[in-house]
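What follows is a single structure, written as structure tokens, with notes after it.
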Amino acid sequence: MAAGSLAQTAYDEILARLLDGRLQSGDLIDRKALASELAMSVSPVVDALGRLASEGLVEILPRRATRVRAVTPAVFREQIIFRTALEAQAARLYCGAPVRAEHDRLSAMCGRIDQLPYGPELWEAEAEFHLALAELSGTTALVEALRQLLVFAHFATSHVIIPDDNHRQKHQPLLDALRGDDPDAAAAAIRHHMAIAREAVLRHGAVKSDVIL
């Protein structure tokens, strides 16, 4: 297998462990042990960890050590602020006709979100929906920035939030609001959607005991 393919395999496996909780905030990652487990040399594992470090999910420490990034209250708040700003700008670009043209497909995604229990599978479905919206903007740089941010959002949420179905966020009302042709209204709908999600978590106190938002 080519080195690039091995690095992608290592990246996918480490990312999966970060998102499903097998790797927790503050955990040290043994590069040699992981390489042995994946039946590859250390080099592609190092490449994968470097990519994850650039995405803010792990930290490269002195003496070739790697640690899972700690999700602090400040990091969590920063993620929400950045994501809201990026999605609101995207909404200004894609609202109206592009949303109406893809409404059936996007509405089906909303329906799937409503059927999933609160947890990692739901967070992934929500990320796919928000990314599908952003792709309607036709702005590659914005979409790629949001894609990376949504991965981090999934990671941060899985390390901060206790799964609780009371915190389900409805997406169909957001989609309906984005059908209109007013960019300001579309951006406001995104901000409102994100604010409700955050406030629901705070109101119900569904944060892990070692995290204070």
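The values are calculated or read from the model by the stated rules, or taken from the named source; none is laboratory data. The structure presented is a predicted model; accordingly, all values stated were derived computationally and were not measured. When we count neighbours, we look across all protein chains shown, and the Cβ atoms used for this are built from the backbone with ideal geometry, even at glycine. Only protein heavy atoms, including side chains, enter the accessible area calculation; ligands, DNA and RNA are left aside. Shrake-Rupley method; radii C 1.70, N 1.55, O 1.52, S 1.80 Å.
Computed quantities for the displayed model
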read-out: In region 139-161, the residues that are outside any helix (DSSP H, G or I) and open to solvent by less than 20 Å² (accessible area, probe 1.4 Å); value: 161
read-out: Scan of region 56-88 for residues that are open to solvent by 30 Å² or more (accessible area, probe 1.4 Å), within 20 Å of residue 145 (Cβ to Cβ) and outside any helix (DSSP H, G or I), ordered by number; value: 69
read-out: Residue check for residue 91: surrounded by fewer than 17 Cβ atoms within 10 Å (Cβ to Cβ), assigned to a helix (DSSP H, G or I) and not aromatic (Phe, Trp, Tyr); value: no
read-out: Filtered residue count, region 114-138, keeping only those that are assigned to a loop (DSSP other than H, G, I, E, B) and on the phi < 0 side of the Ramachandran plot; value: 5
read-out: Filter result (open to solvent by 60 Å² or more (accessible area, probe 1.4 Å), in contact with a helix residue (DSSP H, G or I) (Cβ under 8 Å, 6 or more places away or on another chain) and part of a helix (DSSP H, G or I)) within region 94-113; value: 105, 112
read-out: Qualifying residue in region 71-89 (condition: among the basic types (Lys, Arg) and without any contact (Cβ under 8 Å) to a residue 60 or more places away in the chain); value: no
read-out: Per-region count, region 8-50, residues over 21 Å from the mean Cα position of the chain (by Cα) and of a type outside the set (Asp, Glu); value: 17
